[in-house]
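Chemist: Encoded as structure tokens, here's the structure I'll be asking about.
The values are calculated or read from the model by the stated rules, or taken from the named source; none is laboratory data. What you see is a predicted model; the values in this text were computed from it and never measured. Here the Cβ is made from the backbone with ideal geometry for all residues, glycine too, and neighbour counts use every protein chain on show.
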Amino acid sequence: MIPVAFPRFDDMYEQAHVHPSYGAIADLGGTTFRKTFEAALQSRSPIIQIATWNDWGEGTVIEPSTEFGTRDLEVIQSLRKQHLEPAFRHTKEDLKLPGRLLDVRRRAVGIDRQAELDAMVVEIANGALDTVRVKLAAER
């Protein structure tokens with residue numbers, strides 16, 4: 001058994017004249033994702049599927065967005081800390097680092113600067129968030 005968590009579902013196929021609607025699952029201010037993810041965690045399964053179907057087209061994206069910010073990723077962080085890893089140290093502010101880095105990259109000029117910013121991407125991937133946080137703070 002693989003339990004599934006899902007954020008919401010907004011079927012647009014009928015409006016797009018593709019086929020009849022599959023229906024909808026309301027977001028409920030993030031409650032849908034929190035409850036389904038928590039139920040999946042409580043199953044004690046070693047694997048949980050996060051069903052995002054066709055992501056952006058069906059409104060099931062959990063990645064940062066204009067509509068929801070980092071809310072859904074914050075749910076994962078919070079429940080991970082609560083149910084799996086109490087010592088998990090990352091915060092919702094850490095989830096914003098890639099977006100801040102992208103903003104800096106968009107303003108950056110010159111190939112030398114791009115190499116420096118690429119190095120920050122590697123640091124984020126390697127978990128050196130404190131280092132990146134300090135570097136990005138200097139960018140303000």
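Chemist: Here are the criteria: (1) outside any loop (DSSP other than H, G, I, E, B); (2) at pLDDT below 95; (3) surrounded by fewer than 13 Cβ atoms within 10 Å (Cβ to Cβ); (4) not assigned by TED's automatic domain parsing to the domain that holds residue 126. Tell me which single one residue 115 does not satisfy.
Modeler: The one condition residue 115 does not meet is (4).
Chemist: Go through the stretch 1-17 and report how many residues are hydrophobic (A, V, I, L, M, F, W, C) and surrounded by fewer than 12 Cβ atoms within 10 Å (Cβ to Cβ).
Modeler: Looking only at that region, the number is 3.
Chemist: Continuing with the same structure: Might you let me know whether the stretch 46-69 holds any residue that is in the same structural domain as residue 22 (by TED's automatic domain parsing) and touching a Leu at 6+ places or on another chain (Cβ under 6 Å)?
Modeler: no
Chemist: How many residues are closer than 29 Å to residue 38 by Cβ and touching a Leu at 6+ places or on another chain (Cβ under 7 Å) when one looks only at the stretch 91-116?
Modeler: Summing the residues that are closer than 29 Å to residue 38 by Cβ and touching a Leu at 6+ places or on another chain (Cβ under 7 Å) in the stretch 91-116 gives 3.
Chemist: Six or more apart or on different chains, Cβ under 7 Å: which pairs go from a residue in the stretch 124-140 that's outside any helix (DSSP H, G or I) to one that's among the aliphatic types (A, V, I, L, M)? Could you list them?
Modeler: Going by the 7 Å Cβ cut-off, the qualifying pairs are 139/104.
Chemist: Could you look through the stretch 63-86, keep only residues that are among the aliphatic types (A, V, I, L, M) and surrounded by 14 or more Cβ atoms within 10 Å (Cβ to Cβ), and pick out the one that is farthest from the chain's Cα centre (by Cα)?
Modeler: Of everything passing the filter in the stretch 63-86, 79 is farthest from the chain's Cα centre (by Cα).
Chemist: Something else: Name the single residue that is surrounded by the most Cβ atoms within 10 Å (Cβ to Cβ) among those in the stretch 18-45 being among the aliphatic types (A, V, I, L, M) and over 15 Å from residue 82 (Cα atoms).
Modeler: That would be 25.
Chemist: Against the condition over 19 Å from residue 28 (Cα atoms), modelled with pLDDT under 90, β-branched (Val, Ile, Thr) and not assigned by TED's automatic domain parsing to the domain that holds residue 27, how does residue 122 come out, does it pass?
Modeler: Answer is no for this residue.
Chemist: Filter the stretch 87-140 for residues that are basic (Lys, Arg) and touching a helix residue (DSSP H, G or I) at 6+ places or on another chain (Cβ under 8 Å) and give the result.
Modeler: 92, 100, 105, 133, 135
Chemist: Any chance you could count how many residues in the stretch 120-139 are under 11 Å from residue 98 (Cα atoms) and of a type in the set (Gly, Ala, Ser)?
Modeler: Summing the residues that are under 11 Å from residue 98 (Cα atoms) and of a type in the set (Gly, Ala, Ser) in the stretch 120-139 gives 1.
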